[in-house]
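So the structure is just underneath, and the comments pick up after that.
The values are calculated or read from the model by the stated rules, or taken from the named source; none is laboratory data. All values derive from a computational prediction rather than experimental measurement. Here Cβ is always computed from backbone atoms with ideal geometry, including for glycine, and neighbour counts include all displayed protein chains.
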2 protein chains.
Amino acid sequence: MSQYTPPLRDMQFVLHEVLKVEEAFKTMPAHAELDVDTINAVLEEGGKFASEVLFPLNREGDEIGCTLDPQTHAVTTPPGFAEAYRQFVDGGWAALSCDPEYGGQGLPVTLNQAFYEMLNSANQAWTMYPGLTHGAYDALHAHGTPEQKATYLPKLTSGEWTGTMCLTEPHAGTDLGLLRSKAEPQGDGTYRITGEKIFISSGEHDMAENIIHLVLARLPDAPAGSRGISLFIVPKFHVNADGSLGERNGIYCGAIEHKMGIHGNSTCQMVLDGAVGTLVGEPHKGLAAMFVMMNAARLGVGMQSLGLTEVAYQNAAAYAKDRTQSRALSGAKAKDKAADPIIVHPDVRKMLLTARAYAEGGRALGMQVALLIDEAQNAPDEATRRDAEATVALLTPIVKAFLTDNGWLATSHCMQVFGGHGFIREWGMEQYVRDNRINMIYEGTNTIQSLDLLGRKVLGDQGAQLKKFGAQIQQFAMANMQDARMQEFLLPLADLGEKVTKLTAEVGMKAMSNPEEVGAAAVDYLRVVGHLVFAYLWARMARVALDKADSGDRFYAAKLFTARFYFAKLLPETASLIRSARAGVEPLMAMEEDWF
Amino acid sequence: MSQYTPPLRDMQFVLHEVLKVEEAFKTMPAHAELDVDTINAVLEEGGKFASEVLFPLNREGDEIGCTLDPQTHAVTTPPGFAEAYRQFVDGGWAALSCDPEYGGQGLPVTLNQAFYEMLNSANQAWTMYPGLTHGAYDALHAHGTPEQKATYLPKLTSGEWTGTMCLTEPHAGTDLGLLRSKAEPQGDGTYRITGEKIFISSGEHDMAENIIHLVLARLPDAPAGSRGISLFIVPKFHVNADGSLGERNGIYCGAIEHKMGIHGNSTCQMVLDGAVGTLVGEPHKGLAAMFVMMNAARLGVGMQSLGLTEVAYQNAAAYAKDRTQSRALSGAKAKDKAADPIIVHPDVRKMLLTARAYAEGGRALGMQVALLIDEAQNAPDEATRRDAEATVALLTPIVKAFLTDNGWLATSHCMQVFGGHGFIREWGMEQYVRDNRINMIYEGTNTIQSLDLLGRKVLGDQGAQLKKFGAQIQQFAMANMQDARMQEFLLPLADLGEKVTKLTAEVGMKAMSNPEEVGAAAVDYLRVVGHLVFAYLWARMARVALDKADSGDRFYAAKLFTARFYFAKLLPETASLIRSARAGVEPLMAMEEDWF
């Protein structure tokens, strides 16, 4: 009953008109040849795969979910999932942005990011299988030995094998330093790993012939805490020297979790019973290696919520135009009908526009960060690469937390547009809300993201990187201030920029006498900076739209209205957030623990 | 795995110390004899029923849900539901605040309200069966003929029979004026009713021997729209002259909905196939009669979210004290453990305190409104009764929308405290989020509530009733301004009061030239006024707590800290809401319909 149309026009707008990715790619030897037509063709085909193959499986995937056979430890994924995955592999989609050395197509991360937005709109639960595989690919590409790379990367690139990240244990979630899984060296370069992992997404399934688990565990001589954690490759099936599959390894799914959402993804308790693995990177430095995967995953989670926001918006907008109920407060609009379509009501529009502004802003941010990753990997000069990497590091917690919180607000609004029907499973809207809910939790809760942003990325370098980003905003503002039509965007942007500077300094000062001030302000702070980033991107989008105002293309007029809506109705949230952040830690810590 | 302890201490605080209900009851002939001990004893017993009988059924009710036998049209409720209902009836709980003339216990609505908060904490889905019954009781009590009352009220009072409200049809939800069900007079004083109703809560079940449906339908000569709707009693089984049950009536459950939450309640499509009914009240005036039930239901929905907020808070607080993970930013607190309990982290406390402040504020508001209903029904002089009724009318949309939106924020926060475990069904936290979600939709969506508040209750009388309420706040502020310790509460309260006055005037002015301005501002406006009401109640609670500051009872210290938290961290939301409301209708209406 639900529908999804890949937002190709808006993606093209962001890529070609706002970010001008072709110009950026021209400076990167690896992508210099890439032209607009190729990019658009890839996205169009990718959109077809998402909307025609994955999207029809989404509702049933939610209803049927995954099942475990306790005898064989085999997990059956929902109907059609395995077949869709075969098509994904056959179509070469897994290899899109992978290294040609291992069989990849070598296309930019930016393209893969846009593709993943569509996959997530169509079916978040399904998309996690290849999504985690890509993360495992990234981690091994960065930290694997040549032998490990040769063994595993071609199969992860093609997608014939999938990957997981095995981090969490029952008593060790946010605090991985507490984990207990043990790795005993066997003297032959391999390790026997024993332990229990929980919440392992895509941990076991019937979609690929092998699963490559990246497992965190402790060596016998490991120091306590997070500096004693090593990373291991633990394949489900051993891999023979000729690349064929050998015996079953001692890692299996003990149970699958019953969850609020993403039912189509198998969330597994994984038992490691002397499973044999090999070390990735250096002993005790597994967390750093895993962070390659985790940072990619955090951006991926942001794309999950972006995808859900987009598809929820599309369905709510269609419903609001179709459903007739009551009359407009200013008098009947559809006089030939018994009632007006509910889109005439201002608050219905407010809910829709909230989702739309968050989707389009999120898309601009997601693509921008992906382009920076391409620069970080491919820019010819090191300074540019390092700059890009630092900006990615700054923006990653914002992509993860701001986009997933926005997704929660947006999917809930879109469900509300449906009234009572929104609560009925058949309509599909409530699934978007449920699926989105995990995005605020996994890969580091949104509170953890906010501490990463404020504590590490901002205060950790005395605000230097944030200032650089602020300078970029100022430069844009200065360059456009002469245009009177831009002032409605630039004035609030500049105002918010100043407020962020002040707030940062204030929290930084307070934190010197009490480090808990960081924890008290961080969540509010992240949303404020998220809005600063969005306001900047919306101003840039408005700039392009204004330049095309005379084109007669209603796309630009709609873009401009959405920008105005964002500034008028969503940006004001910062006023409250700043007040709450400034209220500091005292109102939170005054209460005794046992009075709660 | 979940837990629930009835918040008796806090209820007693609100009833006896803040609202001083006994003093109010003394002025009402019907309740003049009621003393503190009786009130507390009833609540204590009620709490036991909720926590010991209903609460253990809640998780399984969610997992198993209701099932329909398509052959017999019979609905089976989850295990234990029918037996718990029998205990409820046997214990006389259904009759608590009902009219002694029909077998009721004649206790105040205030007591019933507090009781229902606990029932909803324990099991919202179950509580809807007696909850709707009580609504049907109210409507018949107000509008039934003496014969109808004699036939139905004793059985609804005892709870032996349950009730429903059959309003919604597939094409008529918010806009009941569109409904099509037809009632044909039979010439013998009865009517044959034909039509299809959807979303009928408790529409069919196995918990009582008869179900009394209150059905909206059109008479043959009915004018179009909402002025042509009449209200009918349609019993599942006909009732013989001697009160015994007769034949099955032509109303049956055609299907049950599969929903996001409240799985334990049977949400039915009801088919009326020439079902025989009798008219309640006057022809074509059914909507007014039904509004008696709907207003009660709206307050009841607020209590549902209050209940969920409370139970979610209790579980999240317990988890936060128990779960150890990471160290406090200011250094280890639980040095004997490998990590600190997560309650040391400021943002965990912020999430907990948000739920707590919304629960305690919601309780004060819920009890206050219930006391006003008791006054409206029982105060000896008519002026007091009418005043009380007008204040209830003003506050009803706030109870419904503000408490349910707060419940959404609070249950989501409490789930977040659990990290990944929050997403797992077994822990029970995600159920509270799902169950709460319907509360924002049914009995008039929260947007409808906001239009009722701003359009009808405030602008509809040129703000007269709101001013009366404001005068009450001012009086309290004046009386306490001398106490320097109260200024931290009274200054922001006064400030917000002024802002509400200005905002009301501004929106009222704008609405004169464009009625859509009401729709554009209403949702923000309701939350602003909701905070004004909460700030007033929190200031009153702080007043009591300050007076007891030297008592050594930590309850009062905790109350004061929670009040301060509310003013420091939640009230600031009004800054953004006011800005958004003032931004007006233009940013919402500029976009063409087909550009969405």
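Look at B:THR133 and say whether it is touching a Leu at 6+ places or on another chain (Cβ under 9 Å) and closer than 30 Å to A:ASP322 by Cα.
It is false that B:THR133 is touching a Leu at 6+ places or on another chain (Cβ under 9 Å) and closer than 30 Å to A:ASP322 by Cα.
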Which is touching a residue at least 40 places away in the same chain (Cβ under 8 Å) and on the phi < 0 side of the Ramachandran plot, of A:ASN112, A:ASN40?
A:ASN112
Picking from B:VAL215, B:VAL271, the residue that is away from chain A (no Cβ under 14 Å) and more than 17 Å from B:ALA74 (Cβ to Cβ) would be B:VAL215
Members of region B:176-204 found to be on the phi > 0 side of the Ramachandran plot and crowded, with 17+ Cβ neighbours inside 10 Å, listed by number
B:GLY195, B:PHE199, B:SER202
Residue under question is B:PHE596, and the condition is that it be crowded, with 21+ Cβ neighbours inside 10 Å and facing another protein chain (nearest Cβ under 7 Å); does it hold?
no
Within region A:339-353, how many residues are more than 7 Å from every other protein chain (Cβ to nearest Cβ), of a type in the set (A, V, I, L, M, F, W, C) and under 14 Å from B:GLU516 (Cβ atoms)?
3
Hey, among B:ALA136, B:ALA142, B:ALA150, B:ALA172, which residue is within 24 Å of B:GLY444 (Cα to Cα) and surrounded by fewer than 18 Cβ atoms within 10 Å (Cβ to Cβ)?
B:ALA142
If you check A:MET1, A:MET118, which single one turns out to be crowded, with 23+ Cβ neighbours inside 10 Å and either part of a loop (DSSP other than H, G, I, E, B) or at pLDDT 95 or above (or both)?
A:MET118
Given the conditions (1) closer than 30 Å to B:ARG363 by Cβ; (2) more than 9 Å from every other protein chain (Cβ to nearest Cβ), report the number of the one that B:LYS259 does not fulfil.
(2)
Are there any pairs with C-beta distances below 9 angstrom linking a residue in region A:227-256 that is among the acidic types (Asp, Glu) to a residue that is assigned to a strand (DSSP E or B), with the two at least 6 apart or on different chains, and if so which?
A:GLU247/A:PHE237; A:GLU247/A:HIS238
Would you confirm whether any residue within region A:283-291 is of a type outside the set (D, E, K, R), in contact with a His (Cβ under 7 Å, 6 or more places away or on another chain) and under 27 Å from A:THR76 (Cα atoms)?
no
Are there any pairs, at least 6 apart or on different chains, whose C-beta atoms fall under 7 Å, with the first in region B:73-101 and in contact (Cβ under 8 Å) with a residue 40 or more places away in the chain and the second surrounded by 15 or more Cβ atoms within 10 Å (Cβ to Cβ) and β-branched (Val, Ile, Thr), and if so, which?
B:VAL75/B:ILE256; B:PRO78/B:ILE64; B:ALA84/B:VAL53; B:ALA94/B:THR133; B:ALA94/B:THR157; B:ALA95/B:THR157; B:CYS98/B:THR157
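Kindly indicate whether any position in region B:475-483 is touching a Gly at 6+ places or on another chain (Cβ under 9 Å), assigned to a helix (DSSP H, G or I) and within 14 Å of chain A (Cβ to nearest Cβ).
no
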Specify the residue that is nearest to B:LEU577 (Cα to Cα); the eligible residues are those in region A:561-593 that are surrounded by fewer than 21 Cβ atoms within 10 Å (Cβ to Cβ) and more than 7 Å from chain B (Cβ to nearest Cβ).
A:ARG582
Can you spot a residue in region B:470-484 that is under 30 Å from A:CYS414 (Cβ atoms) and under 27 Å from the mean Cα position of the chain (by Cα)?
no
With the requirement that a residue be more than 10 Å from every other protein chain (Cβ to nearest Cβ) and surrounded by fewer than 24 Cβ atoms within 10 Å (Cβ to Cβ), what does region B:428-443 give you?
B:GLY428
From the set of residues in region A:42-90 that are farther than 17 Å from A:GLY203 by Cβ and not in a helix (DSSP H, G or I), which is farthest from the chain's Cα centre (by Cα)?
A:GLN71
Considering only region A:570-584, state which residues are over 17 Å from A:MET541 (Cα atoms), in a helix (DSSP H, G or I) and in contact (Cβ under 8 Å) with a residue 40 or more places away in the chain.
A:GLU573, A:THR574, A:LEU577, A:ILE578, A:SER580, A:ALA581, A:ARG582
Candidate set from region B:155-180 (those that are in contact with a Leu (Cβ under 6 Å, 6 or more places away or on another chain) and more than 14 Å from chain A (Cβ to nearest Cβ)); member that is farthest from B:GLY225 (Cα to Cα)
B:GLY163
Just checking, does region B:291-301 include any residue being of a type outside the set (Asp, Glu), surrounded by fewer than 24 Cβ atoms within 10 Å (Cβ to Cβ) and free of Cβ contacts under 8 Å to residues at least 40 places away in the same chain?
yes
